[in-house]
Amino acid sequence: MKQVLEGSQAVAEAVKLARVDVISAYPITPQTHIVERLSDFGAEGKISAKYLRVESEHSALAALIGAATGGARTFTSTSSQGLALMHELLHWASGARLPIVMAEVNRALAPGWNIWADQTDSLAQRDTGWIQLYCENSQEVLDSTLIAYNLAETVNLPAMIILDAFYLSHTYEPVDVPEQDLVDRFLPSLKPKFQIDQDDPQAFSSLVTPNAYMEMRYNIAQAMDETISQLDSIEGKFHDIFGRRYGAIESVQCEDADIVMVTSGTITSTCRQVIRDLRAQGEKVGLCKIKMFRPFPIDAIRSTLQNANKIAVIDRNFSFGATGIFAQEIRAALCNLPRRPLVFGYVAGLGGRDVTTGIIESIYRCTKDTDVPLSESIWIGLQEVSDGRARS
Amino acid sequence: MVEIRWHGRGGQGAVTSVELLALAAIEEGKFGQGFPSFGPERRGAPVIAFNRVANERIKIKSGIYNPDVVVVLDETLIGIVNVTDGLKSDGKLIVNTTKSPGEVKEQLKFKGAVATVDATKIAREELGVPITNTTMLGALIKVTGLVDLKSAKNPVEHRFGRLAQRNLNALSRAFKEVSTN
């Protein structure tokens, strides 16, 4: 049924449809609408999930690690400081190979205290062994949440569905909410590959000495590699039932493009409009949307970008002392190609600053009009600021 | 594509308005998007919310700076916030007031089209409370012709349940009573 839903509500609808067993979360803006909606569903008897109210995000994830070890399908959601507080247990969830699914609403880290969109919170967790899927609209959020459960449970790794604060979490859009019986066909109930069983007592997460730890890490690395091909087959099944698929990346008019813009999240959606307008003016420009950031789909990215002359990466995030994080990963992915396009890194939209069609077009023009990047990171739209030091 | 900005006060239902208009648009096969101003909001404080309505899928996910239409749910906001800020010079301004369109035009020195309706009176009579969001939606539908009046029916029923009919009555009255210059 077609509904008009916020990105947050789309997550909650998907969690309902996924027949999740255990939900645990601690409130933080801007993910609040997700857990509020789930709490309402619980009060109205629309879901039977056990909803655990806990004292922190650390405890929220700890509770789910326990529940998932017991064989439950689990869900949590958080943002920013909340995700940072979970950091220790993010590693634990992937190391224990638990298919926990989390919605992460991208919000800037403090200080300065800021509740608006910025990807640095989730990207700072890139080495924790979680699958990361960045979404651009409410339909994709709903679909990707369902796909994430299937994917996570197939490869036994936790997965994050990531959506921009407000631009997606609080924006109402038409969403086709699938029928429960179709979702049940796509996502059968969880059959854990291992779980705590009173009739078959075993130890979990015990001491692992150097003679086995490395192999366990290698297994996770292999599961991550397998995730790319599994996404393709799981999305194939999703497409057969619902008629929609997304891919780890999406290439829009890249075949003959001189310049390819690389984007993620809602900036992708706005960029689609810009690409269309620029193409209508005869500009040879393409768009590469990165949906899956972990695992990073290197082969697909290489084949999409290798024929362009210039790549313009837009990062709504920053790694201090380095560059925008997508720009880093794109540069690393391309470095072993015999012929490489130039990579221009742009930093825009931090802390929720608006990234308009005009800003995206100016990024394209800057890339076109510059022979080689003048610096590794070009900050867009900076206002004149004082450095905070007293003037002599 | 038509871009709309709604001015209200926290609790007057501006965000519900944008949800209802987006629903009404998809009722008739169009596309709609709605979003609040992004940030903390308080009951009674000035708030804004936005709509985009188009005949094709709406890709833009950024703010609205030059709306085609501005709707003012609460007349007391005039003078506190600049309701015509960025409004296109050939745009439409729709205000809940007892004043005539000519008086508002003069007051705000706005050169585009102005429409007025006493939505507070209608809402009090039909709903028993001065919450004017559904009433002003009726005025917006009449003035812009963006969606058909009957396309609002299902969304209002979906959103308000047993209070739907009263809201639909208020919406229809504003549709009839709104005056333009």
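Just so you know, all these numbers are worked out from the coordinates, no wet-lab data involved. Remember, predicted model here, so these are calculated numbers, not experimental data. Every residue, glycine among them, receives a Cβ derived from its backbone with ideal geometry; neighbour counts consider all protein chains shown.
Values as computed for the structure displayed
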{"item": "Selection from the range A:167-186 of residues that are within 14 Å of chain B (Cβ to nearest Cβ), part of a loop (DSSP other than H, G, I, E, B) and not aromatic (Phe, Trp, Tyr)", "result": "A:168, A:169, A:170, A:171, A:177"}
{"item": "Residue in the range A:28-46 that is touching an Asp or Glu at 6+ places or on another chain (Cβ under 7 Å) and not in a helix (DSSP H, G or I) present", "result": "no"}
{"item": "Yes/no for residue B:34 being on the phi > 0 side of the Ramachandran plot and either more than 8 Å from chain A (Cβ to nearest Cβ) or not in a loop (DSSP other than H, G, I, E, B) (or both)", "result": "no"}
{"item": "Given (1) within 14 Å of another protein chain (Cβ to nearest Cβ); (2) in contact (Cβ under 8 Å) with a residue 60 or more places away in the chain, index of the condition residue A:381 fails", "result": "(2)"}
{"item": "Condition met for residue A:372 (among the aliphatic types (A, V, I, L, M) and part of a loop (DSSP other than H, G, I, E, B))", "result": "yes"}
{"item": "Failed condition for residue B:16, given (1) among the hydroxyl-bearing types (Ser, Thr, Tyr); (2) buried (at least 16 other Cβ atoms within 10 Å of the Cβ); (3) more than 22 Å from residue B:134 (Cβ to Cβ); (4) within 12 Å of chain A (Cβ to nearest Cβ)", "result": "(3)"}
{"item": "Residue within the range B:84-104 that is outside any strand (DSSP E or B), among the hydroxyl-bearing types (Ser, Thr, Tyr) and touching a residue at least 60 places away in the same chain (Cβ under 8 Å) present", "result": "yes"}
{"item": "Identity of the residue in the range A:325-363, away from chain B (no Cβ under 14 Å) and in contact (Cβ under 8 Å) with a residue 40 or more places away in the chain, that ends up surrounded by the fewest Cβ atoms within 10 Å (Cβ to Cβ)", "result": "A:341"}
{"item": "Filter result for the condition that a residue is outside any loop (DSSP other than H, G, I, E, B) and β-branched (Val, Ile, Thr), over B:71, B:129, B:147", "result": "B:71"}
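Rundown of residues vs (1) crowded, with 18+ Cβ neighbours inside 10 Å; (2) more than 8 Å from chain A (Cβ to nearest Cβ), yes/no style:
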position: B:22; (1), (2): yes, no
position: B:26; (1), (2): yes, no
position: B:70; (1), (2): yes, yes
position: B:77; (1), (2): yes, yes
position: B:82; (1), (2): no, yes
position: B:92; (1), (2): yes, yes
